[in-house]
Amino acid sequence: MTTQTTEETPSPTGVPILSVNGLNVDFYVEGEWFPAAIDISYDVHPGEVLAIVGESGSGKSQSSMSLLGLLPPNGRASGSAQIGGNELIGLTGPAMRKIRGKEISVIFQEPMTALNPVYTVGFQIVETLRTHFDMGPAAAKERALELLRLVEMPNPEVRFHSYPHQLSGGQRQRAMIAQSLSCDPKLLIADEPTTALDVTVQAEILKLMRDLRSRIDSGIVLITHDMGVVADMADKIIVMRRGRVVEHGTADKIFNHPEHEYTKELLGAVPHLGAHSRAEVTEPAPTGSPSSKHTKAEAPFGERVMDAVGMEIEYPKRGRTPAFKAVDGVDLSINRGEVVGLVGESGSGKTTIGRAVVGLLPVTGGSLTINGADMVGIGPKELRELRKSIGIVFQDPGSSLNPRLPIGESIGEPLMLHTGIKGAELTKRIDILLDQVELPRSMRNRYPHELSGGQRQRVGIARALSLEPALLVADEPTSALDVSVQAHVLELFSELQREHGFACLFISHDLAVVEMLSSRIAVMHHGKLVEIGPTGQIVNNPQDPYTQRLIAAVPVPNPEEQRVRRETRDALLSAAVAELAAEDEYGAEHAGGDPLAGMDTQRSSGTGV
């Protein structure tokens, strides 16, 4: 089966860059071969973006990695995949090394693990260039700096000598893209290139990939489960499920006229920004005024559970690293039964607030009251007692659950420690919690590694709710989940919140998810609360320029709507860049010509736009 486009859009003319026919990928496990990809066929033409979508385990990544011989030792590939007349399947040794990097490059999902931690990013780009071309160190360095400028890396001369751990997530992704493009490849395979990035950084990376596609006319295979990214980038789409292609066609066909039931379910599970907020948008009150902090949205809810006034949280000085104020003067309240979404980029201070709420970080200024208890200067004994009424769902359930304990013991541990119940009573409570999060009671004796990501997240929710807390902090609880699994977890979360009536601080960078759950949204930027209000107002009528850029950067799963949003977003980003450039020029003139003087850390690192 080939991914020929429909009659609505004629097939691209010319010879395809990549032609895949009847590709199969299998893995040998415990004496038996198991299929991961079955009879995959498609073509990629110059300047074309082909998106391969599907859930984890659908075979989308393994089918693409097999093209470059990057399968694990127990994997095998069969069928045909040709680039420039060269057969890739079965190619090994020096012949494959000539293809990798020069003909086909890969942007891996996690740049921190894909980049070598003991070499600078500049050295790694130079190494790629000198492996494939006959050039000296000086010429290779100049080309590497040119590539870093091409991907809009801030301060490329400085970043050239930086190690991967010294860069932000967006900067590491840019460095990897620069390395991938160093040999002007004919084909670029982008495996979840924006999964772990904030929406604003994601928008910049997607814009960069579109610009690069037109500059070097390369074909792009985009592997992702983010349908908003697909709507923003893709010309053609392949939908995979359980190793097979279930539907293929143009972006317009897949989004607007899906035929397969699985495709319809996949699209139906995708959160769409603006779909859940109220049509009526109230006139916003000025940020910081009493009416902005205590809106009409609070009326149906119960008593105050959390109240922060002028809250400050500071990380102390360590060695030569100066003290850093991560949260500065935040006013935020949550009532019983209310869900407040806290959004912002990485480094904005939102997770720091969540950690302070559960007592993992001290409040250094202002006040924070949780369930009537003052968190400023609270002692260990009082904090232990207070934690009975506070729960937290961590971002990564795999690392937050004890790998040595069965999930039943992990769920029952808070009950045993805080209430002292044991035996049959404890078993009964664990069974009730498993029922509430819709997990079979038979799973109580399984270990975390035996569960899927969605099942582990349900265990994390059950553990957090075991003591029936008055306040629950949910820190990016669905960021690592597929959209269909995410939809089930969010539906479950909403049901439990209505049933138990707990107050919730929902921390996320996914505004579409926050919109689904929250009655109010608070926006953080550089440690300050720049805007707060009812969900409908924040999503549909944001007042702060940063909130406007944040909302505009969220991709939506609709190609036509996304084109309009992209134009708006690019205009806002251009205006923001011009504003920052003017401020930086002013700062340089008043600081002895230092171009970085007066800039905050996030802006100078390139992630503050």
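Things worth noting here:
- Those residues of segment 441-463 which are open to solvent by less than 70 Å² (accessible area, probe 1.4 Å) and of a type outside the set (S, T, N, Q), in sequence order: Met443, Arg444, Pro448, Leu451, Gly453, Gly454, Arg456, Arg458, Val459, Gly460, Ile461, Ala462
- Any hit, segment 148-162, residues being in contact with a Leu (Cβ under 9 Å, 6 or more places away or on another chain), open to solvent by 50 Å² or more (accessible area, probe 1.4 Å), over 28 Å from Val199 (Cα atoms) and not aromatic (Phe, Trp, Tyr): no
- Any chance Tyr42 is farther than 30 Å from Arg172 by Cα, aromatic (Phe, Trp, Tyr) and buried (at least 19 other Cβ atoms within 10 Å of the Cβ): yes
- A count restricted to segment 370-389 and to residues that are among the β-branched types (Val, Ile, Thr) and either open to solvent by 50 Å² or more (accessible area, probe 1.4 Å) or modelled with pLDDT under 90 (or both) stands at 2.
- When the residues of segment 390-406 are filtered to those that are out of contact with any strand residue (DSSP E or B) (no Cβ under 8 Å at 6 or more places or on another chain) and of a type in the set (A, V, I, L, M, F, W, C), the one that is least open to solvent (accessible area, probe 1.4 Å) is Leu401.
- Scanning segment 163-195 for residues that are within 22 Å of His225 (Cα to Cα), surrounded by fewer than 24 Cβ atoms within 10 Å (Cβ to Cβ) and not polar (S, T, N, Q) gives Gly169, Arg172, Leu187, Asp191, Glu192.
- Qualifying position, being small (Gly, Ala, Ser), buried (at least 20 other Cβ atoms within 10 Å of the Cβ) and out of contact with any strand residue (DSSP E or B) (no Cβ under 8 Å at 6 or more places or on another chain), among Gly122, Gly93: Gly122
- Residue within segment 47-67 that is over 22 Å from Val239 (Cβ atoms), in contact (Cβ under 8 Å) with a residue 24 or more places away in the chain and in a loop (DSSP other than H, G, I, E, B) present: yes
- Only one entry of Phe108, Phe27 meets the criterion of being open to solvent by 20 Å² or more (accessible area, probe 1.4 Å), farther than 17 Å from Thr224 by Cβ, within 30 Å of the chain's Cα centre (by Cα) and of a type in the set (Phe, Trp, Tyr), and that entry is Phe27.
- Checking Ser466 against (1) touching a Gly at 6+ places or on another chain (Cβ under 9 Å); (2) polar (S, T, N, Q); (3) free of Cβ contacts under 8 Å to residues at least 24 places away in the same chain, the condition it does not meet: (3)
- Of all the criteria given as (1) without any contact (Cβ under 8 Å) to a residue 40 or more places away in the chain; (2) over 17 Å from His488 (Cβ atoms), the one not satisfied by Gln455 is (2).
The values are calculated or read from the model by the stated rules, or taken from the named source; none is laboratory data. Please read these numbers as outputs of a predicted model, since none were measured by experiment. Backbone-built Cβ (ideal geometry, glycine too); neighbour counts: all protein chains shown. SASA here: full protein model, heavy atoms, side chains in, ligands and nucleic acids out. Shrake-Rupley method; radii C 1.70, N 1.55, O 1.52, S 1.80 Å.
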